[in-house]
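Undergrad: Here it is, the structure in full.
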Amino acid sequence: MGDEPVAESAGERGEKVTAAEGRPSDGLDLARALTRATAKTPAAPARPRRRRPETPSSTGGGRVSGARPDDRDPQTIESTLERLVDDHGWDLSLRVHGVFGRWEQIVGADVAGHCTPETFADGDLVVRTTSTAWATQLKLLAPALVRRLNEELGHGTVARIDVRGPHGPSWKKGPRSVRDGRGPRDTYG
């Protein structure tokens, strides 16, 4: 009769007592029993949830996403760089610098060994030579070189080639240099 007083005291307070454990029931036992019972029976197939269509207020902007590609989709690096070059107008500049990088292939190894392109602006290409003899030779080759460069860059891109001789040495160095001295009388270029 030792178990009856516990059951009576719990029953007197209005609580349910589980037979197996001898403690008051708080509703979890009933939930566990229902879960076990429903797990053994096959469940009805769940209906797939439908997504709400995106509205301008749900996307945070005024545009609605669609099935067709747009500028918000992931882009390749090539297309991104092409758009950047077009937006900033760098197309001609990149082509000219490409010619500077391939100078030896365009003019030949012998000529490229004695002259280098320096600048390009407004259709004028400035070329620096290693000697005055090569400057004279390149001035004679200028029309053919202009034609070849325009084939690479597009018609009318290079209008004129400015051939310059070598840089002369500077006589403005050292402790005994004269500030506005005339320097040597020889010509360089």
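Undergrad: At Arg32 and Arg68, where each label point lies 7 Å from the Cα along Cα→Cβ, what is the point-to-point distance in nanometres?
TA: Modelled inter-label distance: 6.1 nm.
Undergrad: Output the antiparallel fraction of DSSP beta bridges having both residues in the stretch 91-164, as a percent to the nearest 5.
TA: Details: 6 of 11 bridges.
Percent antiparallel among DSSP bridges in the stretch 91-164 is about 55.
Undergrad: Taking +1 at the Cβ of each Lys and Arg and -1 at the Cβ of each Asp and Glu, which of Phe100, His155, Leu138 sits farthest along the dipole of the stretch 91-164 towards its positive end, judged by Cα position relative to the Cα centre?
TA: So the residue we want is Leu138.
Undergrad: In whole Hz, with x marking every Gly and Pro, tabulate ³J(HN,Hα) for the stretch 119-133 from phi via Karplus 6.51 cos²θ - 1.76 cosθ + 1.60, θ = phi - 60°.
TA: Result, rounded to whole Hz: 9, 9, 8, 6, x, 9, 9, 9, 10, 9, 9, 7, 8, 5, 5.
Undergrad: To the nearest 0.05, how large is the calculated FRET efficiency for Glu78 and Val126 if R₀ is 25 Å and r is the Cβ-Cβ distance? Intermediate values should be presented prior to the final figure.
TA: On the way: r = 32 Å, r/R0 = 1.29.
With a Förster radius of 25 Å, E is 0.20.
Undergrad: While we're looking at this one, here's another question. How many percent of Cα pairs in the stretch 91-164 exceed 20 Å?
TA: Numbers: 493 of 2701 pairs.
Taking all Cα-Cα pairs of the stretch 91-164, the fraction more than 20 Å apart is 18 percent.
FYI, it's all coordinate maths here, none of it is from the lab. Predicted model only: the values in this text are computed from it and were never measured. Here Cβ is always computed from backbone atoms with ideal geometry, including for glycine, and neighbour counts include all displayed protein chains.
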